[in-house]
Amino acid sequence: MAPVLTGRGVLMATKKKLAKKAVAKKAPSRKVAVKKTQAKPPTKKGAPHRSTTTAKRTTGVPRLFRINIEVGHLDEAARFYAELLGFDGRRQPGSRVYFDAGGVTLQIVDVSAMGMGVPHPAAKALYFLVDDLDAVFARAEALGCLSREMVHGSRGGEISVRPWGERSFYAEDKWLNPLCFVEAGTVYPG
């Protein structure tokens with residue numbers, strides 16, 4: 001059932017109808033009139049989540065909006081990252097789980113389910129800025145994913161103040177993706 005207009009609404013609707021008719025009569029061609037009134041296409045059902053950060057525009061500076069991590073078992077990886085990060089991700093079509101990471105989406109992709117072979121680890125650590133480094137460290141320790149590598153003379157899997165002043169620790173998922181967690185307020189600006 002169409003909405004019922006009363007009082008001023010009827011007057012406004014009538015004025016709009018008359019204005020459209022006048023424009024249609026004055027328009028030099030039907031193509032122009034259609035172009036002016038053409039609506040934007042509707043969003044597809046099941047369209048991916050749109051974050052508010054993707055709507056913002058900057059002038060000429062490329063913005064990182066998604067990081068891809070390849071894994072070999074999506075359910076296991078989704079549980080691992082939910083436990084490590086402290087919140088659940090969002091399942092996506094195509095064997096993926098998205099985790100909001102500030103203005104960037106962390107995309108966990110099960111390449112084995114997509115017939116793309118073995119997961120390829122990220123080239124270098126992905127850096128996460130966290131408010132409570134000790135809490136994330138405790139979760140990483142419980143998951144047994146702390147790095148065993150040495151970083152500037154100390155174990156990467158220990159909370160340490162790095163030579164550049166950041167308080168951080170390194171971890172690694174079972175698919176060899178290196179991760180680094182840095183305490184907010186200690187980030188080295190470069």
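Every read-out reported here was derived from the displayed coordinates using simple, explicitly stated rules and does not represent laboratory data. Since we're looking at a predicted model, the values are computed, not measured. Cβ: placed from backbone, ideal geometry, glycine included. Neighbour counts: every protein chain shown.
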Response to the item:
Per the rule of 0.36 nm per residue minus the C-alpha distance, extending ALA123 to HIS152 adds in nm 8.6 nm
Worksheet entry | Residue-wise HN-Hα coupling along region 93-98, computed from phi with Karplus coefficients 6.51, -1.76, 1.60 (Hz; x: Gly, Pro) | x, x, 6, 9, 9, 9
Discussion item. Just the number: Rg to Rh for region 64-120, Cα atoms, Kirkwood Rh, two decimals.
Written reply: 0.95
Item to complete: Determine the gain in length on full extension of the stretch ALA101-ILE67; use 0.36 nm per residue of separation and subtract their C-alpha separation, reporting nm with one decimal.
Response: 11.3 nm
Worksheet entry | Debye-sum result for region 121-190 in log10 I(q)/I(0), which assumes one identical scatterer on each alpha carbon, at q = 0.16, 0.27 Å⁻¹ | -0.48, -1.35
Worksheet item: How far is the Cα center of region 147-190 from the Cα center of region 59-136, in Å?
Response: 18
Item to complete: Please grab the % of Cα pairs in region 66-190 that end up more than 25 Å from each other.
Response: 22
Discussion item. Using 0.36 nm times the number of residues separating VAL130 and PHE87, minus their current alpha carbon distance, what extension gain do you get?
Written reply: 14.2 nm
Item to complete: List, in order, the whole-Hz ³J(HN,Hα) value for each residue of region 175-185 obtained from phi through the Karplus relation with A = 6.51, B = -1.76, C = 1.60 and θ = phi - 60°; use x for Gly and Pro.
Response: 9, 6, 7, x, 10, 9, 10, 10, 6, 4, x
Item to complete: Extending each Cα 7 Å along its Cβ direction at ARG79 and ALA142, get the distance between those two points in nm, one decimal.
Response: 1.4
